[in-house]
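The values are calculated or read from the model by the stated rules, or taken from the named source; none is laboratory data. Values in this document were obtained by computation on a predicted structure and should not be read as measured data. Cβ sites come from the backbone with ideal geometry, for glycine too, and all protein chains shown count toward neighbours.
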Amino acid sequence: MKTDVKRRFVNYTIEEKMAWVTIDNPPLNALNHALMDELRAVFNELEENEDVLIVILRGGGERAFVAGADIKQFPAMDQAVAEKFSSEGQDVFNQIENFKGPVIAAIQGFALGGGCELAMACDIRVASEDAKFGQPEINLAIIPGYGGTQRMPRLVATGKAKELIYTAEMIDATEAMKIGLVERVVKREELLDAAKKLAITILTKGPLAIKAAKKAINEGVALPLQEGLKLESRYFGTLFSTEDKNEGALAFLEKRKPIFKGK
């Protein structure tokens, strides 16, 4: 059964345990306060929906994934308002980063500023050949405020992150993949199919194992190695109390495809 939910700025469709979330704020899907509130609400709903195991996040239209924040909001902001603005945006992107299942960003056109930060909050980034990435905030005499200074150095080399943030340089999808900012680059017309095929592949795996792997990676990346290894052992051990673990082992030994139930 297919489910469609439409809002002013953020819509989603659920089908076969997969949710397609579309940011729709023409022409460039700029982030504003109302859109961010809707994005938070959508991921809350999907978190509670047991039928959803994976999300594909995309931008509506042809020109942009998300081209950044709505700059019209900035002139009226003082220090206190700006800090709250940044913190609230970070909370939404943290929610996406820590969503129960994988979130795949399907990126076409511009992914700049808050758009680049949104993409970095996702688990995996698939980009079309015409995608453009950058953190242009320095051009406005400010810095990235939705996680760019923290997530980019964790995805690419620290020096490269500094170069991109200090210069506000915009890079293409090929360069983004070269430095580790995106995982796959495909032709524009293949973008959504490529993201869907990736999602379908992930959905064939044990859902509890995928969830545990995500938590182990997200929680362990900031820990010293030995603490991270202990965390890994704990999650590894918990999976041995599941029915899916037994099914996976039996299917392997019996040379058949496993049927996982998420139990």
Item to check | Subset of segment 230-250 (residues that are of a type in the set (A, V, I, L, M) and in contact with a helix residue (DSSP H, G or I) (Cβ under 8 Å, 6 or more places away or on another chain)) | outcome: 231, 239
Next on the checklist: Looking at 242, 204, can you tell me which residue is of a type in the set (Ser, Thr, Tyr) and either in contact with a Phe, Trp or Tyr (Cβ under 7 Å, 6 or more places away or on another chain) or within 19 Å of residue 18 (Cα to Cα) (or both)?
Outcome noted: 204
Next on the checklist: Tell me whether segment 47-56 contains one or more residues that are crowded, with 21+ Cβ neighbours inside 10 Å and not aliphatic (A, V, I, L, M).
Outcome noted: no
Checklist entry - When you look at residue 28, is it within 24 Å of residue 190 (Cβ to Cβ) and in contact with a strand residue (DSSP E or B) (Cβ under 8 Å, 6 or more places away or on another chain), yes or no? => result yes
Item to check | Count - residues of segment 152-173 that are touching a residue at least 40 places away in the same chain (Cβ under 8 Å) and either under 23 Å from residue 109 (Cα atoms) or crowded, with 18+ Cβ neighbours inside 10 Å (or both) | outcome: 3
Next on the checklist: I'd like the residue in segment 126-146 that is among the small types (Gly, Ala, Ser), in contact with a Gly (Cβ under 8 Å, 6 or more places away or on another chain) and in a loop (DSSP other than H, G, I, E, B) and, out of all such residues, is surrounded by the most Cβ atoms within 10 Å (Cβ to Cβ).
Outcome noted: 131
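The rows are residues; the columns are (1) touching a helix residue (DSSP H, G or I) at 6+ places or on another chain (Cβ under 7 Å); (2) over 18 Å from residue 183 (Cα atoms); (3) not assigned by TED's automatic domain parsing to the domain that holds residue 20.
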| position | (1), (2), (3) |
| --- | --- |
| 78 | no, yes, no |
| 82 | no, yes, no |
| 109 | no, no, no |
| 117 | yes, no, no |
| 128 | yes, no, no |
| 161 | yes, no, no |
Checklist outcome for this item: Listed by first then second residue, the pairs whose first member lies in segment 131-147 and is within 19 Å of residue 28 (Cα to Cα) and in contact (Cβ under 8 Å) with a residue 40 or more places away in the chain, whose partner is outside any helix (DSSP H, G or I) and among the acidic types (Asp, Glu), with beta carbons under 7 Å and at least 6 positions apart or on separate chains, are 132/172
Checklist entry - Is it the case that segment 84-95 has a residue that's more than 19 Å from residue 197 (Cβ to Cβ) and without any contact (Cβ under 8 Å) to a residue 24 or more places away in the chain? => result yes
Checklist entry - Which members of segment 149-170 meet the condition of being touching a Gly at 6+ places or on another chain (Cβ under 8 Å) and assigned to a helix (DSSP H, G or I)? => result 155, 164, 165
Item to check | Residues of segment 2-28 satisfying the condition of being within 15 Å of residue 118 (Cα to Cα) and within 16 Å of the chain's Cα centre (by Cα) | outcome: 10, 21, 22, 23
Checklist entry - For the subset of segment 206-228 comprising residues that are surrounded by fewer than 16 Cβ atoms within 10 Å (Cβ to Cβ) and touching a residue at least 24 places away in the same chain (Cβ under 8 Å), which member is farthest from residue 251 (Cα to Cα)? => result 221
Item to check | Extreme residue, nearest to residue 85 (Cα to Cα), among residues of segment 6-59 that are part of a strand (DSSP E or B) and either outside the structural domain of residue 132 (by TED's automatic domain parsing) or of a type in the set (D, E, K, R) (or both) | outcome: 58
